[in-house]
1. Assuming 0.36 nm per residue, please report the length gained on full extension of the stretch GLU118 to VAL192 beyond their Cα-Cα distance.
2. Between LEU100 and TRP76, how high is the FRET efficiency from 1/(1 + (r/R0)^6) when r is the Cβ-Cβ distance and R₀ = 22 Å? Nearest 0.05.
3. If you bin every alpha carbon distance in the stretch 112-194 into 5 Å steps from zero, what whole percent lands in each bin?
4. Loop sites only, by DSSP: take the trypsin sites (Lys or Arg not before Pro) in the chain that have at most 13 other C-beta atoms within 10 Å and name the longest stretch containing none of them.
5. Looking at the stretch 25-72, which chymotrypsin sites (Phe, Trp or Tyr not before Pro) are DSSP coil and have at most 16 other C-beta atoms within 10 Å of their C-beta?
6. In degrees between 0 and 90, to the nearest 10, how far off the longest principal axis of the chain does helix 2-16 point, with axes built from Cα atoms?
7. Within the stretch 164-194, name every residue whose backbone N is under 17 Å away from a label modeled 7 Å from Cα of TYR65 along the Cβ vector.
8. If you look at just the Cα atoms of the stretch 50-194, how large are its Rg and its Dmax in Å?
Amino acid sequence: MERTFIIALVGLLLLLSPFTSRGQDRAFSPYHAKVQYAGSIGFVSAGIGRSFFHEKLETDLFVGYLPEQIGGDHIWTAALKATAVPFKAIPVKALDWQPLRTGFQLSHTFGDEYFIIEPRDKYEKGYYGFPTAMHLYLHLGGLVDFARVEKLQRFGLYYEVNTSAEYLISYIQNPKYLGPGKIFNLALGVRVRL
């Protein structure tokens, strides 16, 4: 099942790659690499991605790692992210600021202790209610691009706040127990245009 998930993620990214993005800055390809700290993909993650539709949509494929010292176990995660950029960037001196970027992330955590379909031999029906290996996240954030900074034009810094669908549903059902500080995660990252 895990192998199928990875093959599907890579296939989706490669399937989208032949389409051109008209109007993008010709100095850079539509492809980029990212390194991210936190944000529900692991303590640190790295990914590759592509921009579409005049840079109004980004897709990324990430692999993240959470070390045992932080997470209690070595945890590997793969994630497919889609981010929409609904507004034009705002020029701020030599920078371009995208104040609103929003999207979703589908992630898979690897390991025998995680499942997509609840194993009937371990748990009674409905014990968990949600899969422990597969998660859907919603994110909201922004990006600062070093568009007019000599030798840094390829770089951008981004920030995101995300929450999983499971956390959001649980919060709605039980707001007294789960506060916003328990359901939202912060991600900080660097994007490098290739």
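The values are calculated or read from the model by the stated rules, or taken from the named source; none is laboratory data. All figures in this text were calculated on a predicted structure; none of them were measured in a lab. Note that each Cβ is placed from the backbone with ideal geometry, even for glycine, and that neighbours are counted across all protein chains shown. When the accessible area is computed, the model is the full protein with side chains, heavy atoms only, and any ligands, DNA or RNA have been set aside. Shrake-Rupley method; radii C 1.70, N 1.55, O 1.52, S 1.80 Å.
1. Details: separation 74, 0.36 × 74 = 26.64 nm, distance 3.91 nm.
Length gained between GLU118 and VAL192: 22.7 nm.
2. Calculated transfer efficiency: 0.10.
3. Per 5 Å bin, starting at zero, the Cα-Cα P(r) for the stretch 112-194 comes out as 3, 12, 16, 14, 14, 12, 9, 8, 6, 4, 2, 1, 0 percent.
4. Working: sites that count: ARG22, ARG26, LYS88, LYS93, ARG120, LYS122, LYS125, ARG148, LYS151, LYS176.
Excluding the exposed sites themselves, the longest stretch runs over 27-87.
5. PHE28, PHE43, PHE53
6. Tilt of helix 2-16: around 20 degrees.
7. none
8. Rg and Dmax of the stretch 50-194, Cα atoms, are 18.2, 61 Å.
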